[in-house]
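This report concerns only the one structure given below.
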Amino acid sequence: MQNESMYHMLTKMIEGDQQAFHTLYDATYRDVYRTVSFLVDHPQDREDIMNEIYMQMWTSLPNYDPNRPFHFWLHGLVIRQVQRFRVKSWRRFRIFERIRVFSREEHHWDQPMSTDGTDPEISKAMHKLTDKQRTVIILRFYHDYTLEEIATLLAIPLGTVKSRYHAGLQSFRKHLGSLPLERMDKNNAY
């Protein structure tokens, strides 16, 4: 979707046009889902986060600054919703862990590696990164943001982004062995 038509859709959405929302949803869903699928393992959690992202987009639209790129703003919503989910999940995990300790039951959580058509080797290596490294790598390689833009998007210092980026690349190369990063771009072009 071109920037001009995107701005037109956003204007209609601010006025309350639901059809404009559906059009924008259709235009952005795949990109947003791909990002969420790399950051969150369980498919049901992905769907919950996707719902939260688009609800947040609808309610936050009046705060959108049209002088900033829409996709940058949208990816900021994605990252914040994933971070909120992780906080909630950690709280839930701690509660379930306490229950498990008291009841002495063992739970085995399976975590699928599927990430929407991505090379399985890359997907497996991606899930071995820490959440923070994975976020930076996805924003850099899949969304083509500069390290400075990533620092702005995540509201962290540039040095921290560089550190996570380089540590993530090292880990990625270690897990992929001889698979060059250029292959990742070719396999995931959209």
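Values in this text are rule-based calculations from the coordinates and carry no lab data. These numbers were taken from a predicted model, which means no experiment stands behind them. In this analysis, Cβ positions are derived from the backbone assuming ideal geometry, glycine residues included, and neighbour counts consider all displayed protein chains.
For K162, the lysines whose Cα falls under 17 Å of its own Cα, not counting residues fewer than eight places away in the same chain, are K132. By the gyration tensor of its Cα atoms, with a ≥ b ≥ c the square roots of the eigenvalues, what is the shape of segment 126-165: rounded for a/c under 1.5, prolate for a/b over b/c, or oblate? It is oblate, given that a/c is not under 1.5 and a/b is not larger than b/c.
If you take the square roots of the eigenvalues of the alpha-carbon gyration tensor of segment 13-73 and sort them as a ≥ b ≥ c, do you get rounded (a/c under 1.5), prolate (a/b over b/c) or oblate? Note, shape of segment 13-73 comes out prolate.
Rounding to the nearest 20 debye, state how big the charge dipole of segment 1-67 is about its Cα centre with +1 on each Lys and Arg Cβ and -1 on each Asp and Glu Cβ. Can you show the working numbers first?
On the way: 4 positive and 11 negative charges, 27 e Å.
That gives a dipole near 120 debye.
Hey, can you rank 38-48, 131-141 by average C-beta count inside 10 Å, highest first?
Values: 38-48: 16.8, 131-141: 21.0.
Ranked by mean Cβ neighbours within 10 Å, highest first: 131-141, 38-48.
Protection proxy ranking, highest mean first, for peptides 61-67, 81-87: 81-87, 61-67, where packing is the per-residue count of other beta-carbon atoms within 10 Å, averaged. In plain terms, the residue of W73, W58 with the fewest other Cβ atoms within 10 Å comes first and the most crowded comes last, giving W58, W73.
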